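Working notes for the structure below.
The values are calculated or read from the model by the stated rules, or taken from the named source; none is laboratory data. All values reported here derive from a predicted model rather than from experimental measurement. Cβ coordinates were reconstructed from backbone atoms using ideal geometry, including for glycine residues, and neighbour counts include every protein chain displayed.
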Amino acid sequence: MFQFRGFIQAIGVSLLLTLVYGFIIGMFNLLPVEWVVITTFLLSYGAIGVFAPLWNKKTPYFATFLAAIVFTVINILFSVIVLRIPVLFNPIAVNENLISSSVMALVTACIFMQINKRIERTNNDQN
């Protein structure tokens, strides 16, 4: 069964990680802008791919997909409302954002699930 609390926790932790990472990178000006965008993308959607299956054991891939879509919509709304960037007028960009974010999160979740299964198997074999 889908656990809504775990879903919200995964989005919240990913959002907090993204904010802390962006603050640290922006404060110390460590990377060029392109690398900041790429690493922030990888960190935020990678975190969704790890935390959504961690807190939704019975529906890991659905929770990851839904969390990636919700996180992307939050990012798009933030860029439209706060930054005044007309993102929604370009449907191709919205489509690319939704696809790339969900693929990144689902690939991370798949890798995380495989690693978890292997760890559980080795723990069961040792016992």
Meets criteria (surrounded by 12 or more Cβ atoms within 10 Å (Cβ to Cβ) and without any contact (Cβ under 8 Å) to a residue 24 or more places away in the chain) for residue 18: no
Enumeration of residues in the range 1-17 that are among the polar types (S, T, N, Q) and farther than 13 Å from residue 61 by Cα: 9, 14
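Looking at the range 78-89, which of the residues that are loosely packed, with under 11 Cβ neighbours inside 10 Å and not in a helix (DSSP H, G or I) is modelled with the lowest pLDDT?
86
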Flag for residue 49 being free of Cβ contacts under 8 Å to residues at least 24 places away in the same chain, assigned to a helix (DSSP H, G or I) and at negative phi: no
Odd one out for residue 97 among (1) in a helix (DSSP H, G or I); (2) without any contact (Cβ under 8 Å) to a residue 24 or more places away in the chain; (3) of a type outside the set (Val, Ile, Thr): (2)
Selection status of residue 67, free of Cβ contacts under 8 Å to residues at least 40 places away in the same chain and closer than 29 Å to residue 117 by Cβ: no
